[in-house]
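This report concerns only the one structure given below.
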Amino acid sequence: MAIIRKLQAVKTEQDHLLGIQDLSFSKVTSILDQAKTFITLNKSASKKTDILRGKTQINLFFEPSTRTQSSFELAGKRLGADVMSMNIVNSAIKKGETLIDTAMTLNAMHPDIIVIRHQDSGAPNLLSQKVNCSVINAGDGSREHPTQALLDALTIINRKGKVEGLKIAICGDILHSRVARSNIYLMNMLGAKINVVGPKTLLPHSIERLDVKAFTDMKKGLDNCDIVMMLRLQNERMHGSFLPSPREYYEYFGLTPDKLKMAKKNALIMHPGPMNRGVEIDTNLADDINRSVIREQVELGVAVRMACLKIFCKKT
Ligand code: NCD
């Protein structure tokens, strides 16, 4: 008890990135503006800066990740931080250690920022209450994935000049997707009109309360859209039967040239990855350099994560 009290007493207030819902419009603008400067840096011959020299970044990924983990690692290194990615498979977590015990152990090593991905919604918030450094949420359960939404916004701005006034269709497994949730909050904040499209079983009850229009017919949902954002079926979060078969799903909800015709001629195709070709998206559309900005999303993801690390990293 005494130790806990002492730990709480020394805990300082930090600025965390836990979800889009906690961000103000001006914070979002400053992250996106900062990220734009890093797009240029990331294309130059010498990508390294010393903005976070002397700072320690710990990546704590409890769920599989390719894009997010590698881009957070590169982002930290390009800013000059010392980056340590914990190998969860070989850690004491596998021996039954709780998230809080792991957090206290890491806290004792004086990190300046912890990036966490966890299967439980709210885990980054809990961690942020226990450690003395800043915490960035790299995806928690089906709740939020703020840096994905920020990189999606940056990609749209890079291509279309703005988000305001655009019609965005977010399609697929809305129920289990943290990407969908963060994007709904962010794109609404930036003034877009949002359609969510998916089978009834994968649309949350009362989703309209989040200021979106819901559709169970792809062609209607894609009508006149500027952006078509496809999502993977989050099978790992499905307990029970939500769908007849992947083949039938593709037939009704997979993005095909025929369905894409309903969107604007210059509509962009987006996907956070990983993609399941032939399930939620036609393989040729995914690679169509005139329509798909999927690789650009990955590229700009590094810039956005650099901006977030710079802005949220512990200052003292
Ligand atoms: C997403 C995630 O992990 O939530 N992927 C990502 O971060 N690039 C989407 C997904 O897993 O389908």
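No lab work stands behind these numbers, since they all come straight from the coordinates. Everything numeric here is computed off the predicted structure, so don't read it as measured data. So basically every Cβ, Gly included, is an ideal-geometry build from the backbone, and we count neighbours across all protein chains shown.
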Pick out, from segment 84-182, the helices (runs of 4 or more DSSP H) lying fully within it that include 2 or more residues that are crowded, with 24+ Cβ neighbours inside 10 Å and either among the acidic types (Asp, Glu) or in contact (Cβ under 8 Å) with a residue 24 or more places away in the chain (or both).
123-130, 146-160
Please enumerate the residues belonging to segment 183-202 that are under 17 Å from Asn235 (Cβ atoms) and buried (at least 20 other Cβ atoms within 10 Å of the Cβ).
Gly198, Leu202
Being farther than 30 Å from Ile51 by Cβ, within 16 Å of the ligand (Cβ to nearest atom) and surrounded by 23 or more Cβ atoms within 10 Å (Cβ to Cβ) narrows it down to one of Ile281, Ile269, Ile227, so name that one.
Ile281
Could you tell me whether segment 291-301 includes any residue that is of a type in the set (Gly, Ala, Ser), under 29 Å from Gly165 (Cβ atoms), without any contact (Cβ under 8 Å) to a residue 60 or more places away in the chain and within 16 Å of the ligand (Cβ to nearest atom)?
yes
Looking for something more than 28 Å from Thr155 (Cβ to Cβ) and not polar (S, T, N, Q) - is there at least one such residue anywhere in segment 74-85?
yes
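How about segment 54-103: which of its residues are among the polar types (S, T, N, Q) and within 16 Å of the ligand (Cβ to nearest atom)? Show your work before the answer.
Residues of segment 54-103 that are among the polar types (S, T, N, Q), as a first pass: 56-57, 59, 65-66, 68-71, 85, 87, 90-91, 98, 102.
If the condition is that a residue be among the polar types (S, T, N, Q) and within 16 Å of the ligand (Cβ to nearest atom), then Asn59, Ser65, Thr66, Thr68, Gln69, Ser70, Ser71, Ser85 are the ones that fit.
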Which listed residue is away from the ligand (no atom under 16 Å from the Cβ), of a type outside the set (Asp, Glu) and surrounded by fewer than 21 Cβ atoms within 10 Å (Cβ to Cβ), from Met262, Met275, Met238, Met306:
Met262
Expected output for segment 58-77 (first residue under 11 Å from Arg117 (Cβ atoms), partner of a type in the set (Val, Ile, Thr) and near the ligand (Cβ under 10 Å from one of its atoms), Cβ below 9 Å, 6+ apart or cross-chain) is Phe61/Thr68; Thr68/Thr147; Phe72/Thr147
Inspect all residues belonging to segment 33-51 and state whether any of them is within 16 Å of the ligand (Cβ to nearest atom), closer than 23 Å to Asp140 by Cβ and in a helix (DSSP H, G or I).
no
